[in-house]
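No lab work stands behind these numbers, since they all come straight from the coordinates. Note that the structure is predicted; figures quoted are calculated from it, not measured. Because the Cβ atoms are built from the backbone with ideal geometry, glycine has one as well, and the counts that use them run over all protein chains shown.
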Amino acid sequence: MEFEGKAVVVVGGTSGINRGIAEAFAAGGARVAVASRSEQKVADTVAALQAAGAAEAHGAAFDVRDAGAVVEGLAGFHRAMGDFDVLVSGAAGNFPALTAEMSVNAFRTVVEIDLMGTVHVMKAAHGFLRKPGASIVNISAPQAYLPYEGQAHVCAAKAGVDQITRTLALEWGREGVRINSVVPGFIEGTEGADRLAPTEEAKAGVISDIPLGRLGRAEDVAGMCLFLASEMGAYVSGQVIAVDGALYQRGSGRLGSMIGEMLRGAKG
Ligand code: HXC
Ligand code: NAP
């Protein structure tokens, strides 16, 4: 798919799945901007986007928990690129922790990044979206609709993200803006997968749950984002779409209890 001339913003786009998404748009010739907290990760990713074929590459360092910094960062992207054709919001934090054992601040931290971060990004971007025509993708997680032990914080936050997706599809659909959530499967080589299944044995357990027989790849998720951003996705909005090799047809599977077992085991 060609994205020449399109302005694409990927928040949380400097590692893992989201960086793969940003690179896929760059390879399609888009003008791409990425943001995350680390200046170094932003600089490395901007260089990688240029190498991947981006017509332009921009970057900014900010924390999605800081609403003012998000406004400033996205305003900078708008000055550089004009109205956004595509916005991907995927900044997230996660760690395995049982609810009774984690502090209130630990729970709040994930809600602040995943849920309030999404609110900040949506609100700051609204005035900069191409209307009609913009396509927004929120990067969600299976925790939004499946329970996983040791993940109540992420479950609560990502469920909120998906409801924002559905609600803004109504509110902003009137302006010709589409919004969908993409739910990655278990994606190889990512921070998210390594935190929840840190051993080879744990990963093998997850793989044995995946009907398509392999872990996902960042490019699998990127393919869905490109589709949703293209004319082929012009009538898709308000949807939560998993790209998971059919893993979540089994519910939360082994991982649903494995994280809890790992945490209880660590306690002795
Ligand atoms: C219990 C923990 C904890 C842990 C942190 N906390 N890690 N509690 N178990 N493992 C607590 C701290 O003690 C503190 O509470 C509070 O959380 C905030 O911690 P900080 O370290 O001060 O937060 P901060 O520096 O802002 O870092 C945020 C973070 C960090 C979420 C804790 O891990 C991070 O930056 N993550 C970004 C990368 C990431 O998580 N990627 C994976 C995304 S995968 P107190 O009470 O002590 O102050 C994903 C879904 C994957 O989202 C799904 C796969 C199927
Ligand atoms: P990752 O590599 O840790 O990516 C997270 C990105 O968000 C990084 O660019 C990170 O950069 C940025 N970020 C984190 N906290 C931020 C904050 N407070 N403000 C601004 N940026 C922040 O994780 P990943 O595993 O690829 O996950 C990417 C997305 O996919 C997440 O939304 C996750 O929930 C979802 N997901 C992942 C999997 C999986 O298998 N990995 C499965 C389902 C869903 P900085 O550190 O520089 O801030």
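Please return the longest stretch of the chain lacking exposed loop sites, where GluC sites (Glu not before Pro) count only if DSSP places them in a loop and at most 16 other Cβ atoms lie within 10 Å.
Values: sites that count: Glu2, Glu4, Glu101, Glu188.
With a cap of 16 other Cβ atoms within 10 Å, the longest stretch comes to 5-100.
In what sequence do Arg79, Arg217, Arg264, Arg31 fall when counting other Cβ within 10 Å, fewest first? Walk me through the numbers before you get to the answer.
Details: Arg79 10, Arg217 18, Arg264 13, Arg31 25.
Least crowded to most crowded, the residues run Arg79, Arg264, Arg217, Arg31.
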Worksheet item: Taking a quarter of the surface of the convex hull around the Cα atoms of the chain, what do you get in nm²?
Response: 13.3
Discussion item. Counting other beta carbons within 10 Å of each residue's own, what order do Ile207, Ile113 fall into, fewest first?
Written reply: Ile207, Ile113
Worksheet item: Which ordering of Asp85, Asp114, Asp63 is given by a fewest-first count of other beta-carbon atoms within 10 Å?
Response: Asp63, Asp85, Asp114
Worksheet, complete the sentence: The alpha-carbon center of region 35-50 and that of region 94-109 are separated, in whole Å, by 29
Worksheet entry | Local electrostatic count, Ala159, Cβ distance below 15 Å [Lys/Arg +1, Asp/Glu -1] | 0
Practice prompt. Springs between alpha-carbon atoms under 10 Å, Gaussian network over the chain: tell me which of Ala75, Ala100, Ala51 tops the mean-square fluctuations.
Written response: Ala100
Item to complete: Tell me the chymotrypsin sites (Phe, Trp or Tyr not before Pro) within region 160-268 that lie in a loop according to DSSP and have at most 12 other beta-carbon atoms within 10 Å.
Response: Tyr235
